[in-house]
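Q: Below is one structure. I have some questions about it.
The values are calculated or read from the model by the stated rules, or taken from the named source; none is laboratory data. Values in this document were obtained by computation on a predicted structure and should not be read as measured data. When we count neighbours, we look across all protein chains shown, and the Cβ atoms used for this are built from the backbone with ideal geometry, even at glycine.
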Amino acid sequence: MISKWKKNRTDRVFENGFFDISKHECENESVDISHNFYVINTYDWVNVVAVTPEGKLVMVKQHRLGSDEISLETPGGVIEHEESPADCARRELLEETGYRGSRVTLLNESWVNPAIMSNRISFFLIEGCEKVQEQELDPAEDIDVAEYPLEEVISMIRTGEIDHSIVINTLSMYLVHCATGFDILPSGLSPEV
């Protein structure tokens with residue numbers, strides 16, 4: 001039977017203001033093993049599927065240093081202190097794209113990568129999105145905005161033009177939502193925000 005690892009000691013081994021890394025000295029008595037695990041601790045995130053009244057998806061393009069590629073993505077970002085995930089979704093959409101929507105629906109929440117990260121991500125659908133202002137980008141952001149038909153977005157996933165795993169997960173949540181309604185929400189979560 002699987003059991004949780006017992007944390008005997010935790011030390012912060014790195015910190016930079018955006019994330020830190022913790023070293024956990026652990027033991028698992030059921031298999032008689034001791035091991036050190038490293039966990040990245042950072043802020044929770046949101047990702048947004050923004051849909052116009054015409055049914056197009058509002059997408060962003062930006063350079064990502066991890067892949068050193070221009071990435072086509074759904075809008076998203078970091079949840080600020082004492083900000084709700086839904087408010088963050090609205091804010092990030094407006095700041096990154098200049099679009100505002102009329103209806104916000106929580107599609108799902110999940111761990112980003114529970115093997116090595118302690119943060120969660122919330123996936124939102126914002127419908128009725130229209131451009132209402134210019135972008136309000138952070139100093140280190142350079143983002144292009146464009147609207148795409150859903151069929152084209154699906155094709156770009158198939159061809160690998162969209163290859164960001166969180167974006168693919170976000171769009172998959174949206175496609176499941178379109179096909180089944182709210183059946184993808186874990187028990188206890190409400191889509192109404």
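Q: Quick check: is even one residue across segment 124-136 under 27 Å from residue 39 (Cα atoms) and either assigned to a helix (DSSP H, G or I) or assigned by TED's automatic domain parsing to the domain that holds residue 80 (or both)? Show your work before the answer.
A: Keep residues of segment 124-136 that are under 27 Å from residue 39 (Cα atoms), which gives 124.
Those left that are additionally either assigned to a helix (DSSP H, G or I) or assigned by TED's automatic domain parsing to the domain that holds residue 80 (or both): 124.
Yes, that holds for at least one residue.
Q: Could you list all residues from segment 28-43 that are farther than 30 Å from residue 79 by Cβ and surrounded by 14 or more Cβ atoms within 10 Å (Cβ to Cβ)?
A: Scanning segment 28-43 gives a single hit, 28.
Condition check ((1) assigned to a strand (DSSP E or B); (2) closer than 30 Å to residue 130 by Cβ) across all residues:
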| position | (1), (2) |
| --- | --- |
| 10 | yes, no |
| 23 | yes, no |
| 30 | no, no |
| 39 | yes, no |
| 50 | yes, yes |
| 59 | yes, yes |
| 80 | no, yes |
| 86 | no, yes |
| 92 | no, yes |
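Q: Considering only residues that are under 14 Å from the mean Cα position of the chain (by Cα) and under 11 Å from residue 46 (Cβ atoms), look in segment 92-116 and name the one that is surrounded by the most Cβ atoms within 10 Å (Cβ to Cβ).
A: Restricting to residues being under 14 Å from the mean Cα position of the chain (by Cα) and under 11 Å from residue 46 (Cβ atoms), the top hit is 93.
Q: Looking at (1) within 14 Å of the chain's Cα centre (by Cα); (2) more than 23 Å from residue 162 (Cα to Cα), can you tell me which one residue 124 breaks?
A: Residue 124 satisfies every listed condition except (2).
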